[in-house]
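Everything on this sheet refers to the single structure shown next.
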Amino acid sequence: MTAGVTAGAELTSLLGPVRAGNAFEETVERLLTVIKLGVIPPGDRFPAERELAGLLGVSRITLREAIRALQQAGYVESRRGRFGGTFVTYIRPAPDPGEARRIALADSAQLADALAFRMALETGAAQVLAAADGDRGRGVLLERLAAVNNATPEDYRRLDTLFHLAIAELTGSRC
């Protein structure tokens, strides 16, 4: 996925203007959320500094400080030049299969309830959106859902996040 595709509605939902308070800390938090959710996957580039500062409603100086903090923590790298920008370097650690198995066995009833609830909620939201937004909503959701259904284990979480962000965006919900 290229930054141009990624920089659409998903980033707008997650990177709205920061609220009053410490703009630097909130900017770091918002960028880190985008990284950890995988909205911008490892190796891909954030939008241009000017666009990103505009989305966040912060100065370019604040944005540069936040990027510098993320770079020092190992989440991004900045490159200069024609093909430069800020690139995600964070790779989410693989889950421990033993821990996942332990949780599934210990809380199987709660896990089944959560999955049933999620199925009902997502199906209902998709139906409402498809009816309300016509072909556009239906097309976006079907495209995102197909991507999730065909995802590799490495890409599943990122694509599932994009599916849910599409639901939020189409409903006008602030994430």
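Quick look at the values:
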quantity: Selection status of GLU65, farther than 25 Å from ALA168 by Cα and part of a helix (DSSP H, G or I); calculated: yes
quantity: Output for segment 108-142, where each listed residue is farther than 27 Å from PRO41 by Cα, surrounded by 11 or more Cβ atoms within 10 Å (Cβ to Cβ), at pLDDT below 80 and of a type in the set (Asp, Glu); calculated: ASP133
quantity: Qualifying residue in segment 41-52 (condition: assigned to a helix (DSSP H, G or I), touching a residue at least 40 places away in the same chain (Cβ under 8 Å), closer than 25 Å to VAL18 by Cβ and not assigned by TED's automatic domain parsing to the domain that holds HIS164); calculated: yes
quantity: Single residue of LEU145, LEU105, LEU165 found to be surrounded by 11 or more Cβ atoms within 10 Å (Cβ to Cβ), more than 30 Å from VAL18 (Cβ to Cβ) and modelled with pLDDT of 75 or more; calculated: LEU145
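The values are calculated or read from the model by the stated rules, or taken from the named source; none is laboratory data. Please read these numbers as outputs of a predicted model, since none were measured by experiment. Heads up, the Cβs are rebuilt from the backbone with ideal geometry, glycines too, and the neighbour counts pull from every protein chain shown.
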